[in-house]
1. At a probe size of 1.4 Å, how large is the accessible area of R87, to the nearest 10 Å²?
2. For S66, which sequence-distant residues (separation of 5 or more, or a different chain) have an amide H within less than 5 Å of its own amide H, given hydrogens modelled in the peptide plane?
3. Return one whole number: the accessible area per residue of the stretch 69-208 in Å², for a 1.4 Å probe.
4. Give, as a single signed number, the net charge of other residues whose beta carbon lies under 12 Å from the beta carbon of V200, with Lys and Arg counted +1 and Asp and Glu -1.
5. How high is the FRET efficiency from Y233 to R19, r the C-beta distance, R0 22 Å, rounded to 0.05?
6. Near K196, which lysines are there with a Cα under 29 Å away, not counting those fewer than 8 places off in the same chain?
7. How many angstrom separate the Cα center of the stretch 155-170 from the Cα center of the stretch 44-68?
8. Which FRET efficiency, nearest 0.05, do E137 and T224 yield, Cβ-Cβ r, R0 41 Å?
Amino acid sequence: MSFDAAIKFCDVWKKYSRREIFHRSLREDAMGMLGASGAMQDDLKVDEFWALSNLNFELSAGDCVSFEGHNGSGKTTILKLISRVTRPTRGGVDVCGRVAPLLEVGPGFHPDLTGRENIYMNGTILGMTISEVRNLERKIVDYAEIGEFVGTPVKKYSSGMLMRLGFSIAIHSSSDIFLFDEIFSVADSDFRKKCKESIVDLSRNGKIVILVNHDRENYGFQPTRSLVFEHGYLIAS
């Protein structure tokens, strides 16, 4: 792309409810979309909690960042905000660049479609044209090491195979920002080494890479930055 990838969080707060809520008033939706401030947003209702509080940070092209913190510290919520899966309750999230999110094993895969069909579906979701996916298909399959299983429905894949295929599609896309949540947890040592080399290459080529993993020993390399979160607050950078 003609501009550098960048991410900026400015006074970001994110509120969730512990209960499933299937109804909201039109006024609440309108106020939320307009980013209204005031008591309605500042006060927590019954069973609500702040998943993120007063979050401020910036990431620039070439940053390879490790998000660290215990379960529930807000890491995955931040990734969802960057990938626009959800919106902040207050504050602003500015993302400049195309995002490739790998937030779970087998992200967005349709279980009844084959590996090949999911490559085309996910590739187009990440912004590639059909011809681009077609040209990259062999590289994606070879990198993921799924070979003879590319024509098999992915519901028959192991978690490791799903992770390898999802990772391979993401890194072969033309995205600017890559979000990897616990990708190393189901990968064997050989594939983790290959992941490491690809992640380092992405960072050297000016991409932003964000990694979430509970065991930094799995990385096998030193990220350029580390952000540490606790109970929704950024406590160290």
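The values are calculated or read from the model by the stated rules, or taken from the named source; none is laboratory data. Since the model is a prediction, treat every value here as computed from it, not as a measurement. Note that we place each Cβ from the backbone using ideal geometry, even for glycine, and neighbour counts take in every protein chain shown. Protein only, heavy atoms only, side chains kept; ligands, DNA and RNA dropped before computing areas. Shrake-Rupley method; radii C 1.70, N 1.55, O 1.52, S 1.80 Å.
1. Roughly 140 Å² of R87 is accessible to a 1.4 Å probe.
2. It is L211, R225, S226, L227, by chain and number.
3. On the way: 6480 Å² over 140 residues.
I get 46 Å² per residue for the stretch 69-208.
4. Working: positive: K193, K194, K196, R204, K207; negative: E197, D201.
Charge balance in the 12 Å sphere: +3.
5. On the way: r = 24 Å, r/R0 = 1.09.
The computed FRET efficiency comes out at 0.40.
6. K8, K75, K80, K139, K155, K156, K207
7. Spelled out, the Cα-based centre of one part sits 28 Å from the other.
8. Numbers: r = 32 Å, r/R0 = 0.78.
That pair, E137 with T224, gives E of 0.80.
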